[in-house]
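Below is one structure, written out as C-alpha cells; the observations come after it.
The values are calculated or read from the model by the stated rules, or taken from the named source; none is laboratory data. Given the structure is predicted, the values throughout are model-derived calculations rather than measurements. Reconstructed Cβ throughout: ideal geometry from the backbone, glycine too, with neighbour counts over all protein chains shown. Heads up: the accessible areas ignore ligands, DNA and RNA and are worked out on the full protein's heavy atoms, side chains in. Shrake-Rupley method; radii C 1.70, N 1.55, O 1.52, S 1.80 Å.
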Amino acid sequence: MSNKTNITDKTNSVPLQGVGVNSPLGDGDSTRASILLDDRRKQVSVAGANERTIDCNKASLAGSVSQRACVFCGSRVVLYPISDALHLIHGPIGCAAYTWDIRGSLSSGPELHRLSFSTDLQERDVIFGGENKLYASMIELIDAHQPKAAFIYTTCIVGVIGDDVERICRQVEKENNIPVIPVQAPGFQGSKKDGYKVACESIFKLVGTKNKPYTPAKSINILGDFNLAGELWILLDYYKKMGVHVNATITGDGRVDDICNAHNAALNVVQCSGSMNYLAKMMKDEYGIPSMRVSYFGIEDMSDALYDVARFFKDEDMMDKARELVKEEFSRLMPQLAWYKERLAGKKAAIYVGGAFKAISLVKALRLIGVQSVIVGSQTGTTEDYELIKQLCDEGTIIVDDSNPVELSHFVKEKQADIFIGGVKERPIAHKIGLGFCDHNHERKEPLAGYEGMINFAKEIYATAMSPVWKFTK
Ligand code: SF4
C-alpha cells in the first residue's frame, strides 16, 4: 500500500507540492511533501509560511508509526510516582516494562512504586480467564506490602477477554479496607492522552475522601510534576521561600493521604497540562478549586510560575519574596548562561516532546543560550499551543503534531539540526542519524526544572552539541 503523497491527488484540498510561501509546508523543500502521508499533511506547518491552523488533537493515522504510546502507558506514567501505593498490572509481563527506572520519579519516603507487579497472564489465563489469578495476586501483595491504596491496571488482553476487574477490586477493597482502584487502560482503546484521562479519573476517586486536621489557607496542589531527578524538591524550596504551603504533589513524590486531602487546597498549579488538566477541571467542578497553568522549564516561565501564584493570593509580601528570589537567581545565572550563549551561538535544535507547553518553554530556554529551534513538535499539543509556537519561533521552523520517525528523521536532516531534544523514543532517531540527544523526559537523571535546572540544561546541551564525537559520524 502506498500512502505517500501523490502530487496529482485532486481529492486533497491542500496543495501537495510543498513549495512557495503559500504552501502549507513552506518553501524550499519539495521532498518534504513526498515523505508525508496524505492525511498527515495538515498536521505539519511552517512558521511564517502560512496562516493555516495546524490540525491536531485527533487519533493517530493508521499506517503512521506514531511516537505516542498506548493508553496503559499514559495511565502508568502519571500514577507511577504515587510511592506508597501498590501498582499491579493485570496483563502479560511485557506491559510491565513501564516500571522500575523507566521513569526517574524519586520519592523522599516509601519506594513501593518502584516495585510494580504483574499478574503475568499466560495462554491458559487468556482462555479460562485471569480473575482468580488477579484476586490471589492482590491479596498476597497487599498482605506483603501494606500499601495505602492499590491501583490495578488492565491492559489490552484483559480488555479482550473481559475479566471483571471492577468487581474484584470492590471485593478486595472491602476485605482489606484500603482504596483499590481499577485503572481501565487497555492499550488499544486510544493513545497515551486517553491514558492520562484514565489516570486522572483514578486519582479523582481518592480526592476528597479524607480531611487532614489543618490545611493552611494559602496552600496549593502541584499537579503534573513527576519529580524526575528530584525536580519537585527544587520547586518546593521556591514555594517555601515565598510562604506558600504545598498541600499535595500530584503525582511526583505523591502520597495517598495527601491526594485524599487535595480538595482542601486553595489553588491547583498545573504543569504538564496535557496529563493533568482533566483532573484540575474535575476538582474545579466538584470542589470549586481554581487552577492555573505553569511551566517550570526555563527562567522566564519559572519566574512567571512564582509570580502567578503570588498574584493569585493577592499577597504583597509573597510577591516581594518571589521578586527577591527571582532577582537572586537571575544574578547568579545570567553570567553563566552568557558563557554558554557565546559558545552555542548558531547551533540548531529539534524539539519533539509529549506536551506542547513544554515545547514552548524549551524554545524560550534554548533562545536564552543562543540555540535556534528549527523543528518543534509534540504528541498531544492543542491548536492554541501550536499557534503560540508559531508566533514564538523563527520563520521557517517546522511545526509538527503527532509525528513519526520517518518525518522526524527527514526534518532533522533537512534543517541540519545539531541536537535533538525529546524522550526515550526519539533517542534512537537522533543516534541513528549521528546527532546529539538531550533526554527531556522519563529517564533523565538530571533535574532540568527551575533555575538550577536551566543551568543543567545549558550544560547538557553544550556538552552534547559540542562533543567531538559527532565529527566521526556520517
Ligand atoms: S499496547 Fe497493550 S499490550 Fe502493549 S503495552 Fe499497551 S496495554 Fe500492553
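Annotations for the structure displayed:
- Within segment 187-214, backbone nitrogen closer than 14 Å to the virtual label 7 Å beyond the Cα of ASP257 toward Cβ: 210-214
- Phi angles across segment 423-428 convert, under the Karplus curve 6.51 cos²θ - 1.76 cosθ + 1.60 with θ = phi - 60°, into 3J(HN,Hα) values of x, 4, 7, 8, 3, x Hz, Gly and Pro given as x.
- Computed over neighbours whose Cβ is under 13 Å from that of GLY74, the net charge equals +4, Lys and Arg +1, Asp and Glu -1.
- Shape summary: segment 279-337 maps onto an equivalent ellipsoid whose semi-axes, from the alpha-carbon gyration tensor, are 28, 15, 5 Å in decreasing order.
- Entry comment: accessible area of the chain is 42 Å² per residue, from protein heavy atoms only and a probe of 1.4 Å.
- Rounded to 5, percent antiparallel among DSSP beta bridges of the chain: 10 percent
- Summing charges over all other residues whose Cβ lies under 14 Å from the Cβ of TRP233, with Lys and Arg as +1 and Asp and Glu as -1, gives -4.
- Cα-based Rg / Dmax (Å) for segment 368-465: 13.4, 35
- Segment 297-390 shape via C-alpha gyration tensor axes, a/c threshold 1.5: oblate
- Gyration tensor over alpha-carbon atoms, the chain, equivalent ellipsoid semi-axes in Å: 37, 30, 20
- Dipole of the chain, positive end: most advanced residue of ILE35, GLY195, LEU88 [Cβ charges, Cα centre]: ILE35
- Distance between modelled label sites at LYS445 and LYS341, nm, 7 Å Cα→Cβ extension: 3.2 nm
- C-alpha center-to-center spacing [segment 164-236, segment 422-464] in angstrom: 28 Å
- Ignoring aspartates and glutamates fewer than eight residues from LYS341 along the same chain, the ones with Cα atoms less than 19 angstrom from its Cα are GLU300, ASP301, GLU329, ASP394, ASP418, GLU452, GLU460.
- Three-way shape call for segment 372-413 based on the alpha-carbon gyration tensor, with the a/c threshold at 1.5: oblate
- In the chain, helices alone account for a calculated mean residue ellipticity at 222 nm of -13000 deg cm²/dmol, with every DSSP H run of four or more residues adding -39,500 (n - 2.57).
- Antiparallel DSSP beta bridges within segment 87-235, as percent of all bridges there, nearest 5: 10 percent
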